[in-house]
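Trainee: Below you will find the structure I want to go over with you.
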Amino acid sequence: MNKNIYIIMPERIRKCPECGSKNIITDHKHAELYCADCGVVIAEKLVDLGPEWRAYDEEQASKRIRTGPPMSYRIHNKGLGTPTPKSLESTKRLRGIISDSGEKTLAVGLGEIDRMASALNLPNDIKEAASLLYRKSAKQNLIKGRSIEELGSAVLYITCRQYGVPRTLKEIAKVSRMPLKKIRRAYLFLLKNLGIKLAPPDPARYIPRFSSELGLSNATRERAIALMRESKGIAVAKGWGPTGMAAGAIYLAATLGSESVAEKDVARIAGITPITLRNRYKELEKRFKLNINALSSLPDNGDCSVEAIT
């Protein structure tokens, strides 16, 4: 039996239901499965999803296979290049060799996006969406006269905002080759010309990552999220950054739970100053009328709501 041929059939069939024999034969010509001892046909009209060719080693299989990876917007030719002999100069484009200047620019931009996304540990769906948005920008001639790196960084940040992935402009700038000021300028430029409307970032989305990097407990994380849930909208109303609010909620939640964490560590993880952190958690303390010096941890029932805290 050719091991490269795969038949769709019930995996539970290991022996003949009629005589109990394990001598089961797969007839590829007639698309049947039958017992060699009693002759009963166990299954018929089987679907063969395997190739029509045979290969007896990996080298033969690599030469005869005609399929490749799925289409991807992260590659300049979408991964649809056709393997052809190198001696044929007229087939450079089919072989994926870039000859057009616009295509070279696109390849560089997509490569930068993939590099930065990998450095930020972003999933492949974010990379695909960012690459698609970059292609849209290039199609509308928004890239001409501007730096590829700054537009790629701005596209990646916009995609993270659209998909609710907690990444800040400062984090994008750390892995980019462009300064924060230029990335912000490109970000505003793309929002205006592409007609993209983004909702204000949710500070609660930053809390799990910050808490994990600080090594805080699950109770502190849930308590901080509860604080953010109850104070939803305060950051937008006062024009505060989401990372500062998240850091303030984390520090306040850790203090309420008697979990030791330094202000400078929380500020460093959130990318803010200790003064900003102090102002944010004091604002939260005032808003909920909490006294962090008098309150202790949550009740034993694990309720992390603000009502339980107060």
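The values are calculated or read from the model by the stated rules, or taken from the named source; none is laboratory data. Bear in mind that the values here come from a model prediction, so they are computed numbers and not experimental data. Don't worry about glycine lacking a Cβ; one is built from the backbone with ideal geometry, like all the others, and counts go over all protein chains shown.
Trainee: Can you find even one residue in region 194-203 that is under 22 Å from residue 111 (Cβ atoms) and either outside the structural domain of residue 265 (by TED's automatic domain parsing) or part of a helix (DSSP H, G or I) (or both)?
Mentor: Yes, some residue in region 194-203 is under 22 Å from residue 111 (Cβ atoms) and either outside the structural domain of residue 265 (by TED's automatic domain parsing) or part of a helix (DSSP H, G or I) (or both).
Trainee: Testing residue 260 on (1) touching a residue at least 24 places away in the same chain (Cβ under 8 Å); (2) more than 20 Å from residue 169 (Cα to Cα); (3) in contact with a helix residue (DSSP H, G or I) (Cβ under 9 Å, 6 or more places away or on another chain), one condition comes back false. Which one is that?
Mentor: All conditions are met except number (1).
Trainee: Identify, please: which residue in region 126-140 is charged (D, E, K, R) and within 13 Å of the chain's Cα centre (by Cα) and is, among those, surrounded by the fewest Cβ atoms within 10 Å (Cβ to Cβ)?
Mentor: Filtering first and then ranking leaves 128.
One line per residue, one yes/no per condition, for (1) more than 22 Å from the chain's Cα centre (by Cα); (2) surrounded by fewer than 14 Cβ atoms within 10 Å (Cβ to Cβ); (3) free of Cβ contacts under 8 Å to residues at least 40 places away in the same chain:
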{"site": "142", "(1), (2), (3)": "yes, no, no"}
{"site": "164", "(1), (2), (3)": "no, yes, no"}
{"site": "172", "(1), (2), (3)": "no, no, no"}
{"site": "180", "(1), (2), (3)": "yes, no, yes"}
{"site": "197", "(1), (2), (3)": "no, yes, yes"}
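Trainee: If I ask for residues that are of a type in the set (S, T, N, Q) and in a helix (DSSP H, G or I), which ones from region 127-183 would you list?
Mentor: 131, 137, 153, 159, 162
Trainee: Do we find that residue 219 is crowded, with 21+ Cβ neighbours inside 10 Å and of a type outside the set (Val, Ile, Thr) in this structure?
Mentor: no
Trainee: Let me ask something else. Taking the criterion of being crowded, with 18+ Cβ neighbours inside 10 Å, modelled with pLDDT of 75 or more and under 28 Å from the mean Cα position of the chain (by Cα), would at least one residue in region 257-267 satisfy it?
Mentor: Within region 257-267, one or more residues are crowded, with 18+ Cβ neighbours inside 10 Å, modelled with pLDDT of 75 or more and under 28 Å from the mean Cα position of the chain (by Cα).
Every residue, every condition in (1) of a type in the set (A, V, I, L, M); (2) closer than 19 Å to residue 164 by Cα; (3) surrounded by fewer than 21 Cβ atoms within 10 Å (Cβ to Cβ); (4) modelled with pLDDT of 90 or more, yes or no:
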site	(1), (2), (3), (4)
208	no, yes, yes, yes
214	yes, no, no, yes
227	yes, no, no, no
250	yes, no, no, yes
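Trainee: Answer yes or no as to whether residue 237 is assigned to a helix (DSSP H, G or I), out of contact with any strand residue (DSSP E or B) (no Cβ under 9 Å at 6 or more places or on another chain), at pLDDT below 65 and among the small types (Gly, Ala, Ser).
Mentor: yes
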